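A quick write-up on the structure given underneath.
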Amino acid sequence: MVPPRFLRHHGSMTLASRSGYTLLELLCGLTLLAVLLGMVSLPAAYAGDVLAARAARSAIMAAAAATRAVAVQHGGADLYLDAADGALAVTSRDGLVADTLGRLVRDYHVSIELGEAGHATLRFDALGIGRLANRTVRINRGRVSAGVTFSAYGRARPW
């Protein structure tokens, strides 16, 4: 009877006693793993940028809605947005409510563009109607850009 292949003797070592991987096999495996991770990491980073920009945009729109509600309750309110740190603050006209809603740059790691001034104040009257000129807030992160455009009456439109 012929012994099985893995028990054949080759010199002093049998094939059955060989365990592990060769350096070439390890390098091929690691190279394949690196290529696959590279293919996955770029779309994942882009998706993270998209989600962060959309979350910051939603925070601005929620702050505008909150300011409108405070304006109706307290006879008017202002929403202050600073481009340097992305600070969102609501202040009522009668001085009863002053609330900082967040800092977009710190919370979402985005950059805010508001034009040359670097800050904006959106004013809402006692009826909740905005009294401002058209204003666009651009939010950037990586290759992604999102934003909100406020109409002359304070209505927010995302893009």
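Summary of values
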read-out	value
For D94: the one exception among (1) surrounded by 14 or more Cβ atoms within 10 Å (Cβ to Cβ); (2) over 20 Å from the mean Cα position of the chain (by Cα)	(1)
Where a residue in the range 124-137 is under 11 Å from D78 (Cα atoms) and of a type in the set (F, W, Y) and its partner, wherever it lies, is at pLDDT below 90 and not in a loop (DSSP other than H, G, I, E, B), with Cβ under 6 Å and at least six apart	F124/G130
Matching entry among T121, T149 (being under 15 Å from D78 (Cβ atoms) and either surrounded by fewer than 15 Cβ atoms within 10 Å (Cβ to Cβ) or under 21 Å from the mean Cα position of the chain (by Cα) (or both))	T121
Meets criteria (more than 30 Å from A45 (Cα to Cα) and not in a loop (DSSP other than H, G, I, E, B)) for T136	no
Qualifying residue in the range 125-132 (condition: closer than 30 Å to G48 by Cβ, of a type outside the set (S, T, N, Q) and in contact with a strand residue (DSSP E or B) (Cβ under 9 Å, 6 or more places away or on another chain))	no
Filtered residue count, the range 97-113, keeping only those that are at pLDDT below 90 and either buried (at least 17 other Cβ atoms within 10 Å of the Cβ) or of a type in the set (V, I, T) (or both)	4
Residue match in the range 13-24 (condition: assigned to a helix (DSSP H, G or I), at pLDDT 85 or above and either loosely packed, with under 11 Cβ neighbours inside 10 Å or among the acidic types (D, E) (or both))	yes
One residue from L96, L51, L37, L27 being more than 30 Å from N140 (Cβ to Cβ) and part of a helix (DSSP H, G or I)	L27
Residue count for the range 22-75, restricted to those that are over 30 Å from A126 (Cβ atoms) and in contact with a helix residue (DSSP H, G or I) (Cβ under 8 Å, 6 or more places away or on another chain)	3
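The values are calculated or read from the model by the stated rules, or taken from the named source; none is laboratory data. What you see is a predicted model, and the numbers here were worked out from it, not measured in a lab. So basically every Cβ, Gly included, is an ideal-geometry build from the backbone, and we count neighbours across all protein chains shown.
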